[in-house]
Amino acid sequence: MIERIGQDALPGRLRIVVTKDDENAEQMAERTSDYAKRVLSPIPAAERGYVEAVIMPHATRRSVARALVMLRHKTLERPWKKHGNIPL
């Protein structure tokens, strides 16, 4: 199952989003679940382009290993020095 992002502060954030004071418990629970589905899951963020990739927990080791293999022989090309030390 995909871990939810930032679920600890959900009630506080929802109180900021919901501005009506006359909300009953059922409506608040419904809005909480709707908000959690829309905002806290990484899948909608990936669909919108905010996240490059969603890595499932069972595929984490493979993804990290691939990234490290790609970086193994990477070399940095530094630009030439434009100015040297002036003679004193």
Inter-residue pairs, beta-carbon under 6 Å, first without any contact (Cβ under 8 Å) to a residue 24 or more places away in the chain and in region 53-80, second among the hydroxyl-bearing types (S, T, Y) and surrounded by 10 or more Cβ atoms within 10 Å (Cβ to Cβ), 6+ apart: I55/S63
Region 29-88, residues that are in a loop (DSSP other than H, G, I, E, B), surrounded by 11 or more Cβ atoms within 10 Å (Cβ to Cβ) and either in contact with a strand residue (DSSP E or B) (Cβ under 6 Å, 6 or more places away or on another chain) or not aliphatic (A, V, I, L, M) (or both): S41
Some residue of region 43-62 being modelled with pLDDT under 75 and out of contact with any Phe, Trp or Tyr (no Cβ under 9 Å at 6 or more places or on another chain): no
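The values are calculated or read from the model by the stated rules, or taken from the named source; none is laboratory data. These numbers were taken from a predicted model, which means no experiment stands behind them. Don't worry about glycine lacking a Cβ; one is built from the backbone with ideal geometry, like all the others, and counts go over all protein chains shown.
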